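S.K.: This is the structure, below, for whatever I ask next.
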Amino acid sequence: MNVPEWHVPYVTSGEIHDLLAWDWDAIPALPPLRLVEDGAPAIQQTHCRLCWDERALYVRFDCEDRDIWSTWINHDDPIYDEEAVEFFVSPGGETPTQYYEFEINPNAVVFDALIDNPTTQRRDLHADLAWDCQGLRVCVERDDPNQRWVAIMAIPWAQIAPNQDLPRVWRANFYRIERPRDSTPEFSSWSPTYATPIDFHRPEVFGRLVLRKH
C-alpha cells in the first residue's frame, strides 16, 4: 500500500526544555490534514511538526478552532468523545500489530495507551489503559480570541522503543477530532483511513517516519 513518508529532522540543541518557547518555525510542517473518510482537505486545519534528539520524539499540533472546548479533566478520560489531537506510533517499517496511542485535549488532559491490534480490525483490538508513558511531557496553549490552540508532547524513546537500538523507521499517523458545537464534526488525519464508520485504528495506512540525522 502506498502510504505517505516524512523525514523527521534531528535537533542538536539537546533536550527541548521549554516546549512552547523553543523555535519551532525552523521545523517544516507536514502536509495539511485530510478528512479521514474521503481524503478531502479539512476545513479547520491542523498543522503538525515533529523533530527528535537522542532522548525523545517531539510532536506539535497547531489547531485552527473557532469553538475550543472540552470538559474532561482527568488522565485517560475518554477525550476522543470531545475535541482532541492524536498520535499513533510504532517502531519499524512493517504494518504494526502493536502501537502506542497518545491523545491531548485543550485542557492538557492526556490519554495514553498501548494498543494490541493483531488483525488490524477494530473488533479484535485491545487497548491497555494501564500502560502510562513515564516521563511524557505535554504542553497546551489556548488562544480563544484568535481561534487556535497548540498541543506539544515530548515522548521519551525509552518508553516506545524499550530494550532496543533506536529504529530509524517508524509507522505513525496524526489525527484531529474537531467537534464544533453548532455544526458537523470533522475527523482528519495525515494518512486517511477511508473507513466507514470513522475508524482511526487502521495501522495498514499509517505513514512512515524516517529519523534523519543530517
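The values are calculated or read from the model by the stated rules, or taken from the named source; none is laboratory data. Treat the numbers as computed from the prediction; the structure is a model and nothing was measured. Here the Cβ is made from the backbone with ideal geometry for all residues, glycine too, and neighbour counts use every protein chain on show. Calculation scope for accessible area: heavy atoms of the full protein, side chains included, ligands and nucleic acids excluded. Shrake-Rupley method; radii C 1.70, N 1.55, O 1.52, S 1.80 Å.
S.K.: Provide the gained length on full extension for the span GLU64 to ILE198, in nm with one decimal, where the gain is 0.36 nm per separating residue minus the Cα-Cα distance.
M.R.: 46.1 nm
S.K.: Further question on the same structure: Taking 0.36 nm per residue of sequence separation and subtracting the Cα-Cα distance, how much length would be gained by fully extending the chain between ASN163 and ILE73, in nm to one decimal?
M.R.: 29.1 nm
S.K.: I would also like to ask the following. With a 10 Å cut-off between alpha carbons and a GNM built on the chain, which of ARG60, ARG202, ARG181 moves the most?
M.R.: ARG181
S.K.: Moving to a separate point now. With just the Cα atoms defining each centre, how far is segment 44-123 from segment 142-214? Give it in Å.
M.R.: The distance from the Cα centre of segment 44-123 to that of segment 142-214 comes to 5 Å.
S.K.: Out of LEU125, LEU19, LEU114, any idea which swings most in a Gaussian network model of the chain, alpha carbons joined below 10 Å?
M.R.: Per the Cα network of the chain with a 10 Å cutoff, LEU125 tops the list.
S.K.: While we're on this one: Please compute the alpha carbon radius of gyration of segment 122-161, then divide it by the globular-protein estimate 2.2 N^0.38 Å. Two decimals is fine.
M.R.: Compactness ratio reported: 1.70.
S.K.: Shifting gears a bit: How are the Cα pair distances of the chain distributed, in percent, across 5 Å bins from 0?
M.R.: Here the calculated profile for the chain is 1, 7, 15, 21, 23, 18, 11, 4, 1, 0.
S.K.: Let me ask you something else. Can you compute the FRET efficiency between GLN134 and ASN2 using 1/(1 + (r/R0)^6), with r the Cβ-Cβ distance and R0 = 35 Å? Round to the nearest 0.05.
M.R.: Efficiency at R0 = 35 Å is approximately 0.45.
S.K.: Right, something else. Would you mind checking which residues have amide H under 5 Å from ARG212's amide H? H placed 1.01 Å from N; only 5 or more apart, or other chain.
M.R.: VAL8, TYR10
S.K.: How large is the accessible surface per residue of segment 1-79, computed with a 1.4 Å probe and reported in Å² as a whole number?
M.R.: For segment 1-79, the per-residue accessible area is 50 Å².
S.K.: Taking 0.36 nm per residue of sequence separation and subtracting the Cα-Cα distance, how much length would be gained by fully extending the chain between SER183 and THR97, in nm to one decimal?
M.R.: Going from the current span to full extension adds 27.5 nm.
S.K.: Whenever you get a sec, compute what percent of the accessible area on the chain sits on carbon and sulfur atoms (1.4 Å probe).
M.R.: 48
S.K.: Efficiency by 1/(1 + (r/R0)^6): what FRET value for VAL210 and ASP25, r their Cβ-Cβ distance, R0 = 30 Å, to the nearest 0.05?
M.R.: After rounding, the FRET efficiency stands at 0.85.
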